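Engineer: There's a structure below that I have some questions on.
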Amino acid sequence: MTEYDKDAIVTPYVTSYIREKTVQKDELLRDMEEYAAKNSVPIAEPETARLLSVITKLKAPERILEVGCAIGYSSILMAKSMKKGGSILTLEYDTDMIEKARVNIRRAGLENTISVREADAKDYLWYIDEDESFDMIFLDGPKAHYVYMLDDCVRLLKKGGLLISDNVLFKGMTADDGHFVRRKVTIINRLREYIDALMEHPQLETSILSQGDGVTLSVKIMSDRERFGY
């Protein structure tokens, strides 16, 4: 019989195996993982963090936008993986988290690379000009707001740019009514709406991954004229 854990996207023994193999070698990031675990601070799952690091190295972005900074874990992770001279703008509305993030960013020596801005992203994104476009956007803020931020994320993403959205499967509840927690109904319905919008968006090509708590990778499509110059 297939083992199923309602708090996991994939079977727990697979998750355990992946996490045994996904060892964080960076001392600061490892300390931040321990702090997050002890203080119930939401950060990227280990396997998602590794995916984010690999994608950043592959994409080699010059400018990254992050929605949802928390203690700065993902920002620091991406900054350590991006090419020299790149920059990250990260948005966070919790003032306590902002202070902790800035302390961690200074510890990492990345204060000239990562800019933490206090803002409610679903309202603030509208004010960012298209001239400040980004090679990569990491969406990891309030899950119920993802669908409201999509248009601005697409607008601010360069052609060929990558939109990464975390926690889209939300403990499997997005995919399965049988494990639906009723108090999460608004979040789940909006995540389902968000995934549908990603998959149907004419400017995006999206893949859904059962990585961590569920991740979508969406590439902003270039036309044949833009790709081939005719």
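The values are calculated or read from the model by the stated rules, or taken from the named source; none is laboratory data. Given the structure is predicted, the values throughout are model-derived calculations rather than measurements. Counting neighbours? That spans all protein chains shown, and the Cβs are built from the backbone with ideal geometry, glycine included. With ligands, DNA and RNA removed, areas are computed over all heavy atoms of the protein, side chains included. Shrake-Rupley method; radii C 1.70, N 1.55, O 1.52, S 1.80 Å.
Engineer: Working carefully through the options 116, 103, 67, find the one that is surrounded by fewer than 16 Cβ atoms within 10 Å (Cβ to Cβ), at pLDDT 95 or above and among the β-branched types (Val, Ile, Thr).
Structural biologist: On the way: 116 fails: surrounded by fewer than 16 Cβ atoms within 10 Å (Cβ to Cβ); 67 fails: surrounded by fewer than 16 Cβ atoms within 10 Å (Cβ to Cβ).
Of the residues listed, the single one that is surrounded by fewer than 16 Cβ atoms within 10 Å (Cβ to Cβ), at pLDDT 95 or above and among the β-branched types (Val, Ile, Thr) is 103.
Engineer: So residue 122 clears everything in (1) modelled with pLDDT under 95; (2) surrounded by fewer than 17 Cβ atoms within 10 Å (Cβ to Cβ); (3) assigned to a helix (DSSP H, G or I) except one condition, right? Which one?
Structural biologist: Result: residue 122 fails condition (2) only.
Engineer: When region 68-115 is examined, which residues are found to be out of contact with any Lys or Arg (no Cβ under 6 Å at 6 or more places or on another chain), farther than 23 Å from residue 57 by Cβ and assigned to a strand (DSSP E or B)?
Structural biologist: Within region 68-115, 92 is the sole residue that qualifies.
Engineer: I would also like to ask the following. Test each condition in (1) part of a helix (DSSP H, G or I); (2) in contact with a Leu (Cβ under 7 Å, 6 or more places away or on another chain); (3) open to solvent by 50 Å² or more (accessible area, probe 1.4 Å) for residue 198 and report the one that comes out false.
Structural biologist: For residue 198, the failing item is (3).
Engineer: Which residues, taken from region 25-42, are in a loop (DSSP other than H, G, I, E, B) and either open to solvent by 40 Å² or more (accessible area, probe 1.4 Å) or acidic (Asp, Glu) (or both)?
Structural biologist: The first filter runs over region 25-42 and keeps only residues in a loop (DSSP other than H, G, I, E, B), leaving 25-26, 40-42.
The answer is 25, 26, 40, 42.
The rows are residues; the columns are (1) closer than 25 Å to residue 19 by Cβ; (2) part of a loop (DSSP other than H, G, I, E, B); (3) open to solvent by 30 Å² or more (accessible area, probe 1.4 Å); (4) in contact with a strand residue (DSSP E or B) (Cβ under 7 Å, 6 or more places away or on another chain).
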site	(1), (2), (3), (4)
135	no, no, no, yes
171	yes, no, yes, no
190	no, no, yes, no
202	no, yes, yes, no
205	no, no, yes, yes
208	yes, no, yes, yes
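Engineer: Is it true that some residue in region 146-167 is free of Cβ contacts under 8 Å to residues at least 12 places away in the same chain, open to solvent by less than 60 Å² (accessible area, probe 1.4 Å) and not in a helix (DSSP H, G or I)?
Structural biologist: Within region 146-167 (the criterion being free of Cβ contacts under 8 Å to residues at least 12 places away in the same chain, open to solvent by less than 60 Å² (accessible area, probe 1.4 Å) and not in a helix (DSSP H, G or I)), the answer is no, since none of the residues qualifies.
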